[in-house]
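So the structure is just underneath, and the comments pick up after that.
Every number in this text was worked out from the coordinates using simple rules, so none of it is lab data. Owing to the predicted nature of the structure, the values given are computational and were not obtained by experimental measurement. Counting neighbours? That spans all protein chains shown, and the Cβs are built from the backbone with ideal geometry, glycine included.
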């Protein structure tokens, strides 16, 4: 099932966005709004996909997908 969001690294984290990704991906230095409300500059480097997931985007993405967060996963309180 396709979801309305997509993941995009930028500003040191993997964020989720509702912005449609152009064919071939966002051009370098494109600024997009994310589910957490941040405006990020996309990073298409190979290592950027290994960055940690933004907890706020993760929570919002799970809400949009209608799924629960895994215990102890990004986006859940740890204490």
Highest-MSF residue in the chain out of 66, 12, 37 [GNM, Cα springs under 10 Å] | 66
Which angle between 0 and 90 degrees, to the nearest 10, do you get for helix 55-65 versus the longest principal axis of the chain when only C-alpha atoms count?
-> 80
Please work out whether region 3-49 counts as rounded, prolate or oblate from its C-alpha gyration tensor, where a ≥ b ≥ c are the square roots of the eigenvalues and a/c under 1.5 means rounded, while otherwise a/b larger than b/c means prolate and anything else oblate?
-> rounded
Fewest to most Cβ atoms within 10 Å: 15, 68, 62 sort as 68, 62, 15
Hull shadow area, averaged, the chain [alpha-carbon convex hull, nm²] = 5.7
